[in-house]
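These notes are about the structure you will find just below.
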Amino acid sequence: MTKTVTVAWQPETAGKTPVYQQLVAYCLREVRVGNWLAGDRLPSQRQLAAQLDLNRSTVHAAMAELQALGVVQTAHGGGTRITAASWSTLLAVSPDWRDWVAAGEFTANQPLIQTINQREPTVPIRLSTGELGPDLLPKQRVQAAMIQAANHMTTLNYLPARGSLALREALVERLHRWGITTTPDNVLITSGSLQALQLITAGLLEPGATVYTAPASYLRSLRVLEAVQAKWVPVPVDGEGLAYWHIPQTTGAQLLYTVPTFANPLGTVTSVQRRRDLLDFAQRRRLPIIEDSAYQNLWLTERPPEPLKAHDRHGNVLYLGTVSKDLAPGLRVGWLVGPSAVVARLADIKMQMGGQFLVPNDADRPFPGTRL
């Protein structure tokens, strides 16, 4: 998007360097540090002369020199713009930040998604992220827990790679209520569910792996799998849930991402029988499953079925959870439950990526009186 640059500069009229050369040097400096990019428009010469209290001939002389250097170009009726042609060659010490910005492995979000991300912070309830209304979040209880945690803080050091032992023990107890039997060594604390997906991408996926998921799925709105050039393949959904039998048997690397409870964005709940059949199918095919349980606790009248992980006897399922939807999104606390070898691998990657955060009193037990 073209923009008109801001000229935040005043000439030194008493200096030895001619004023037009000062203006040239200032413009080159702004280009060199990347503040002005290719295509950016400069104010008109009349505006610059008025702003800087200079004669228009002085401004014209500066623009003429910049144009001769290939830094700007002037088009009739189009004003003076930074050229995309030659300044990075002219200014060898300067990177062309526009090229760098476009060179990353993550492509830009769709314009509609970017617009939603920009405008949603101004609305009371952000529907795209599945947040609860602010009046439903347990603000007072979280405040009390924070005060209690601060009173029990005994260290400011880094935590273990798997995360706080006290928190993992509390999660083991919490998950038991959903039929999942696990141990702290099988739990990895993450910064929300999204970090777990990033760790899986970095540590477990082969380049070109096939990822099956529902046609309308939260995962398909993310870019986390672009690093390994994953291939997206939609799987139909009916009234019972994911129609898993449409997944072909292939020799290549493949996995399934599913949100069986209150799937985003359709809100569907996979039936008990479909969950059992899907798990049997995955076990026969040796198909890894990423089960995202972000919305599992948001039931009102009827408790949803137990997660796939509750019936996983062969380690097929990597189970992701978070407190972002039912406690506080800003806490950025999530977890992954899986085989110990997988958790150890992802914990090592998390450590390398700097994914540590502070939880006080990480010795042996949760804080007195606190429960998840």
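Scanning the range 29-82 for residues that are open to solvent by 50 Å² or more (accessible area, probe 1.4 Å) and assigned to a strand (DSSP E or B) gives Arg41, Gln73, Thr74, Ala75, Arg81.
When Pro184, Pro236, Pro215 are checked against the criterion of being open to solvent by 60 Å² or more (accessible area, probe 1.4 Å) and either closer than 30 Å to Arg303 by Cα or touching a Gly at 6+ places or on another chain (Cβ under 6 Å) (or both), Pro215 stands alone in meeting it. Applying the set (1) in contact (Cβ under 8 Å) with a residue 40 or more places away in the chain; (2) within 22 Å of Ala196 (Cα to Cα) to Thr250 leaves exactly one unmet item: (2). Against the numbered list (1) open to solvent by 60 Å² or more (accessible area, probe 1.4 Å); (2) touching a helix residue (DSSP H, G or I) at 6+ places or on another chain (Cβ under 8 Å); (3) over 24 Å from Arg313 (Cβ atoms), Glu169 comes up short only at (3). Restricted to the range 102-120, and to residues that are at pLDDT below 70 and surrounded by fewer than 12 Cβ atoms within 10 Å (Cβ to Cβ), which residue is nearest to Tyr295 (Cα to Cα)? This residue is Gln110. Of all residues in the range 21-36, those being farther than 12 Å from Thr4 by Cβ and touching a residue at least 24 places away in the same chain (Cβ under 8 Å) number 11. Entry remark, the range 219-246: residues being in contact with a strand residue (DSSP E or B) (Cβ under 7 Å, 6 or more places away or on another chain) and either at pLDDT below 75 or assigned to a helix (DSSP H, G or I) (or both) number 2 in total. Of the set (1) modelled with pLDDT of 85 or more; (2) in contact with a helix residue (DSSP H, G or I) (Cβ under 8 Å, 6 or more places away or on another chain), all apply to Thr129 but (1). If the condition is being aliphatic (A, V, I, L, M), open to solvent by 50 Å² or more (accessible area, probe 1.4 Å) and either over 20 Å from the mean Cα position of the chain (by Cα) or modelled with pLDDT of 80 or more (or both), then the range 328-352 contributes Ala341, Met351. Against the conditions (1) under 18 Å from Val211 (Cα atoms); (2) over 31 Å from the mean Cα position of the chain (by Cα); (3) not β-branched (Val, Ile, Thr), Ala253 satisfies every one except (2). Within the range 264-281, residues that are under 20 Å from Trp299 (Cβ atoms) and hydroxyl-bearing (Ser, Thr, Tyr) have Cβ atoms under 7 Å from residues that are open to solvent by 60 Å² or more (accessible area, probe 1.4 Å) and assigned to a loop (DSSP other than H, G, I, E, B) in these pairs: Thr270/Glu240; Ser271/Glu240, counting only partners at least 6 apart in sequence or on another chain.
Take Arg177 and decide whether it is of a type in the set (Lys, Arg), surrounded by fewer than 20 Cβ atoms within 10 Å (Cβ to Cβ) and at pLDDT below 90. Spelling it out, it is not the case that Arg177 is of a type in the set (Lys, Arg), surrounded by fewer than 20 Cβ atoms within 10 Å (Cβ to Cβ) and at pLDDT below 90. Scanning the range 135-155 for residues that are open to solvent by 100 Å² or more (accessible area, probe 1.4 Å), at pLDDT below 70 and out of contact with any helix residue (DSSP H, G or I) (no Cβ under 7 Å at 6 or more places or on another chain) turns up nothing. Which condition number does Gly208 fail, the rest of (1) open to solvent by 20 Å² or more (accessible area, probe 1.4 Å); (2) assigned to a loop (DSSP other than H, G, I, E, B); (3) under 24 Å from Met353 (Cβ atoms); (4) out of contact with any strand residue (DSSP E or B) (no Cβ under 7 Å at 6 or more places or on another chain) being met? Unmet condition: (4).
The values are calculated or read from the model by the stated rules, or taken from the named source; none is laboratory data. Since the model is a prediction, treat every value here as computed from it, not as a measurement. Backbone-built Cβ (ideal geometry, glycine too); neighbour counts: all protein chains shown. Protein only, heavy atoms only, side chains kept; ligands, DNA and RNA dropped before computing areas. Shrake-Rupley method; radii C 1.70, N 1.55, O 1.52, S 1.80 Å.
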